[in-house]
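Everything below concerns the one structure shown next.
The values are calculated or read from the model by the stated rules, or taken from the named source; none is laboratory data. This one's a predicted model, so the numbers in the text were calculated from it and none came from an experiment. All Cβ positions, even for glycine, are placed from backbone atoms using ideal geometry, and neighbour counts span all protein chains on display. Protein only, heavy atoms only, side chains kept; ligands, DNA and RNA dropped before computing areas. Shrake-Rupley method; radii C 1.70, N 1.55, O 1.52, S 1.80 Å.
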Amino acid sequence: MNMDHQNAENLNEETAETLTNRQGHPITNNQNMRTVGNRGPATLENYDFIEKISHFDRERVPERVVHARGAGAHGYFEAYGTCGNEHVSTYTRAKLFQEKGKKTPVFVRFSSVIHGGHSPETLRDPRGFAVKFYTEDGNWDLVGNNLKIFFIRDAVKFPDMIHAFKPDPITNIQDSERFFDFCSNSPETFHMVTFVYSPWGIPANYRMMQGSGVNTYKWVNAEGKAVLVKYHWEPKQGIKNLTQKEAEQIQAKNFNHATQDLYDAIEKEDYPEWELLVQIMSDDDHPELDFDPLDDTKLWPEDQFPWMPVGKMVLNKNPEDYFTEVEQVAFGTGVLVDGLDFSDDKMLQGRTFSYSDTQRYRVGANYLQLPINAPKKRVSTNQRGGQMQYKVDLAPGQNPHINYEPSTLGGLKEAKQAGTEYTPKVEGNLVRESIDRQSNTKQAGHTYRSFEQWEKDELISNLVNDLSDCDPRIQEKMIQLAEEADEEYGRRLREGIASKPKDGTTHKPLGNIDGDKAPEQAINEGHEADPY
């Protein structure tokens, strides 16, 4: 071999660790761009630099409007094969539940709701609890929160609610007066306010919190008969919540504490587990109840509708890349498999459009081709094109010229219906009306009375801290809701607000202690320095 040829081979030698650009070109100098002399200027044909910096400029996709701050993990769901004392097929034909010991891969994303991607995980806020099941029939997304109810029952109010809870559009600071302005004029929020302002509004971490589907769904069996169902995740690690003071002390040390806790536990093979339980109700209006079973501001009483275990979930693998998996994972309440169905819950109906629409905006029209979102089974569609398509969902032997159905020329064919099709009867006038049985404060009173004394004290303290600086009209509306819920609840809130002077502003995170005094404190405690 001639020496020149050998030198050329040595120069081009690569290993599995050799840095390249996206074109596959080896990068020989990643420390310096190409310039005229070592002081510059730079030249335009700097391909390696231009590819690197232009990709860097585009590293972020639009942040989720809600649930932006998240952590995730992989694992599996193991079915029990039963629901209470009966085989699960009594209620649903969904395949993932049918066999005892059957395991289905899952990916779970935990999140906080209101604040941005790097906000502290100690803020008073509901926590998201979203599970993607990669079933043999395709994906099922169970998208919910740690708390089992929600603020509102009609999806048309959701944008207003989020606007009120998010930072002020002028100051960019969360404002408790805006929060209570909305809630005091939306009485259905009071049960959720009671939970959020109690220690249940700040879970200690993601492993030690409950999860819930929140909305009412349906299960359908092989005969096409349906029942209403609610889902509950119960942590085997136990449940732990924080007081406001404890949360602020933790935040001062580590505002990523919950993400770190989840990651570290899995790395140590202390795998977190949850049991999945369901409540079942016959599919009708249930006039004997003082609430509508489709109202997601309500709990179904456990003594009337017992929790029945159907399986467990174990998280045993951390993500390999945060952006690829946790940030790009896309959930939707409309993602159901055969044997699962929607109820007429108005919040669920609105979410079913909004969630998947959000992902098409954030990640792109082909977001379901990404590995974290793609089902772990064959996919054959007639969908073509769109930003970032990198493959065509062709079936083996499919005529590639035929991207429509029906066809006699080798195109895709419809599937056969499994079991008897579920065909609920829908009848009524088209109206814009609230549901009849609202009962906005009764369950909030029951929840208050079920709290331990320290939880009641913390709830009142947190509400008084925030409401004492609000407009008196808002104060009075919130007090009236508390009085309607429970005499003691209302009396303690009224007395607390009356005895606390209005000595601050509402420009601070919900429940925060003296957060509005922090700017002045920073000036008073700051150390002077000379310019350099």
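Brief remarks on what is shown
- Distances between every pair of Cα atoms in the range 151-220, grouped in 10 Å steps from 0 to the bin holding the largest one, split as 16, 41, 34, 8, 1 percent.
- The residue among Pro501, His74, Ile479 whose Cα reaches farthest toward the positive pole of the charge dipole of the chain, with charges on the beta-carbon of Lys, Arg, Asp and Glu, is His74.
- Restricting the range 88-145 to GluC sites (Glu not before Pro) that sit in a DSSP loop and have at most 16 other Cβ atoms within 10 Å of their own Cβ leaves Glu99, Glu136.
- Applied to the range 111-126, the Karplus parametrisation 6.51 cos²θ - 1.76 cosθ + 1.60 on θ = phi - 60° returns per-residue 3J(HN,Hα) values of 7, 9, 9, 7, 8, x, x, 10, 6, x, 8, 10, 6, 6, 5, x Hz, with x for Gly and Pro.
- Element breakdown for the range 380-532 at a 1.4 angstrom probe: carbon and sulfur atoms account for 50% of the accessible area.
- Working note: Karplus 6.51/-1.76/1.60 with θ = phi - 60° gives the range 155-166 the couplings 5, 5, 8, 4, x, 5, 4, 5, 4, 5, 7, 6 Hz, where Gly and Pro are set to x.
- The peptide list 42-52, 414-424, put in order of mean Cβ contacts within 10 Å with the highest first, becomes 42-52, 414-424.
- For the pair the range 275-310 and the range 126-145, the centres of their Cα atoms are 20 angstrom apart.
- Within the straight-line cut-off of under 24 Å between alpha carbons, the lysines reachable from Lys391 are Lys132, Lys376, Lys377, Lys413, sequence neighbours fewer than 8 places apart in one chain being disregarded.
- Nonlocal amide H pairs with Glu273, under 5 Å, H built at 1.01 Å: Lys236, Gln237
- Treating each Cα of the range 180-290 as an identical point scatterer and summing with the Debye formula, the log10 of I(q)/I(0) at q = 0.17, 0.19, 0.24 Å⁻¹ comes to -1.02, -1.11, -1.29.
- The residue among Leu336, Leu394, Thr447 whose Cα reaches farthest toward the positive pole of the charge dipole of the chain, with charges on the beta-carbon of Lys, Arg, Asp and Glu, is Leu394.
- Ranked packing of 125-133, 165-173, most packed first, by mean Cβ within 10 Å: 125-133, 165-173
- The chain - charge dipole about Cα centre, Lys and Arg +1 at Cβ, Asp and Glu -1, debye rounded to 20: 1120 debye
- With θ taken as phi - 60° and the Karplus curve 6.51 cos²θ - 1.76 cosθ + 1.60 applied, the whole-hertz 3J(HN,Hα) list for the range 426-431 is 10, 8, x, 7, 6, 9 Hz, x standing for glycine and proline.
- Cα pair count fraction exceeding 22 Å, expressed as % - the range 277-427: 62 percent
- Summing Cβ point charges (Lys, Arg +1; Asp, Glu -1) relative to the Cα centre of the range 424-468 gives a dipole of roughly 280 debye.
- Among the listed values (i) 22, 45, 25, 8, 0; (ii) 22, 57, 20, 1, 0; (iii) 18, 47, 26, 8, 1, the one matching P(r) over Cα pairs in 20 Å bins from 0, in percent as calculated from this structure is (iii).
- The calculated FRET efficiency for the pair Arg491 and Gln453, based on their C-beta separation and a Förster distance of 22 Å, comes to about 0.90.
- Built amide H within the under 5 Å cut-off of Leu510, gap 5+: Arg124
- Accessible surface of the range 84-132, 1.4 Å probe, proportion on carbon and sulfur as whole %: 50 percent
- A Stokes-Einstein calculation at 10 °C with viscosity 1.306 mPa s, built on the Kirkwood radius of the range 356-422 over Cα pairs, returns a diffusion coefficient of 114 µm²/s.
- Rg/Rh for the range 1-135, where both radii come from Cα atoms and Rh is the Kirkwood radius: 1.26
- Point-charge dipole on Cβ atoms (K/R +1, D/E -1) for the range 168-256, about Cα centre, debye to 20: 540 debye
- Restricting the range 276-338 to GluC sites (Glu not before Pro) in coil, as DSSP defines it, with at most 12 other Cβ within 10 Å: Glu288, Glu302, Glu320
- Here's how it looks for Gly144: its modeled amide H is under 5 Å from those of Phe129, Ala130, Val131, which are all 5 or more places away or on a different chain.
- Over all pairs of different C-alpha atoms in the range 53-123, the reciprocal of the mean inverse distance, the Kirkwood hydrodynamic radius, equals 15.6 Å.
- Pairs of alpha carbons in the range 366-494 whose separation is greater than 23 Å (percent): 65 percent
- In range of the label at Arg22: residues from the range 43-73 whose backbone nitrogen is under 12 Å from the point 7 Å along Cα→Cβ: 50-60
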